[in-house]
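Here the structure comes first, spelled out in structure tokens, and everything after it is commentary.
The values are calculated or read from the model by the stated rules, or taken from the named source; none is laboratory data. None of the values given here were measured: they were computed from a predicted structure. Ideal geometry is used to build each Cβ from the backbone, glycine not excepted, and the neighbour counts take in all protein chains shown. Ligands, DNA and RNA are excluded from the accessible area calculation, which covers all protein heavy atoms including side chains. Shrake-Rupley method; radii C 1.70, N 1.55, O 1.52, S 1.80 Å.
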Amino acid sequence: MQRSGYGQSPPLHHPVPQHVSTVPQLRSPPPLTSQPQSGYDGSPYQQQGRAPSGNMFGQYGNFINDPAAQLASQFGQTAFKQGQEYLEQNVNRFVSVSALKHYFNVTNSYVINKLWLVLFPWRHKPWSRKQTVSPSGQEGWYLPPRDDLNSPDMYIPVMSLVTYIFLQTLIAGLRGQFQPELFGYIATTALVVVIVEILGLKLGCYLLSISNESQLLDLVAYSGYKFVGVIVTISIAEIVNGGKGTGGVIGWTVFAYTFFANALFLMRSLKYVLLPENNNNAQGPMQTMPTEGRAKRSQRLQFLFFYAYIVQLFFMWILSRP
């Protein structure tokens, strides 16, 4: 017996998507080729534009072999040589480059011994400079600094000047007073001191009729040794006084010692420049005018004393100020 109320089930209605989405089709990897490739790591997905293994810079690897690049390199070398020759020709008008190299011909042992001599000149002997001897037995040119401790050099003065500039700016920075303008101010002050000092020496040598070929470079070298004593004074006074400058008993004591040491060093070293002796047998760069007796020698001694003590005292005091 079948019930009439139960017939066929109503049809099912499935939801229809309103937005149709497309599924990307995956492609199979490309087939392997039979051609061997250097550096192939077995992965089918290789970066496009990969440089060959023989040239790590890609398309720029052959830049050196490019004729235009070689032409530009030759042009640059030619321009550099011409510029160097032009610079040497113009510099030689004022300063001889070969003579300037003489003052930088130093060694480590010379620098250490020279610094010791500048700070402790009390018992040093002799002070005369050494000269080369020709086959005929006559004296010739002065030996370079590396072979003669009494020879002036420019390595120590230049390095002392640079050290002085950085030391003063460092102390200003530790005090919280550093400014970028300090470099220019300190460097300008030091250079002005050296220039004024050299001009005064040249004027005194002209008035006293003292001349020789290497006099200017010698005076420049000797004018820079004061920075050694100034650096020692500033360093010791700054450490002992706790950052209060070069004042106080310790500061003035160190300043007095370095000043007298520098003055004695200049008095003994500059005698061959400011007090030349008339030696007709000597042949070399130190050819001076004939002396005019004791009066002229007395004037030169007074000038040397004034420069070594009065002038150095004034300039070292200016440089030692904070």
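Odds and ends about this structure:
- Of all residues making up region 194-242, the number that are in contact with a Ser or Thr (Cβ under 7 Å, 6 or more places away or on another chain) and more than 24 Å from residue 151 (Cβ to Cβ): 3
- Of the residues making up region 164-182, one or more are polar (S, T, N, Q), under 29 Å from residue 114 (Cβ atoms) and touching a Phe, Trp or Tyr at 6+ places or on another chain (Cβ under 8 Å).
- Cβ-Cβ under 6 Å pairs, at least 6 apart or on other chains, region 255-267 side more than 17 Å from residue 303 (Cβ to Cβ) and among the β-branched types (Val, Ile, Thr), far side assigned to a helix (DSSP H, G or I) and open to solvent by less than 10 Å² (accessible area, probe 1.4 Å): 258/229; 258/233
- Residue in region 169-213 that is nearest to the chain's Cα centre (by Cα), counting only those that are part of a helix (DSSP H, G or I) and farther than 30 Å from residue 307 by Cα: 170
- The requirement of being under 21 Å from residue 157 (Cβ atoms), open to solvent by 10 Å² or more (accessible area, probe 1.4 Å), in a helix (DSSP H, G or I) and of a type in the set (Gly, Ala, Ser) is fulfilled somewhere in region 225-238, by at least one residue.
- Where a residue in region 294-319 is at negative phi and its partner, wherever it lies, is open to solvent by 30 Å² or more (accessible area, probe 1.4 Å), with Cβ under 6 Å and at least six apart: 308/267
- Evaluation of residue 209 against the conditions (1) modelled with pLDDT of 90 or more; (2) out of contact with any helix residue (DSSP H, G or I) (no Cβ under 7 Å at 6 or more places or on another chain) shows that the sole unmet condition is (1).
- Any hit, region 82-101, residues being open to solvent by less than 90 Å² (accessible area, probe 1.4 Å) and at pLDDT 80 or above: yes
- Residue 209 meets each of the listed conditions (1) hydroxyl-bearing (Ser, Thr, Tyr); (2) out of contact with any Phe, Trp or Tyr (no Cβ under 9 Å at 6 or more places or on another chain); (3) open to solvent by 70 Å² or more (accessible area, probe 1.4 Å) apart from (3).
- Count - residues of region 254-288 that are open to solvent by 80 Å² or more (accessible area, probe 1.4 Å) and modelled with pLDDT of 90 or more: 3
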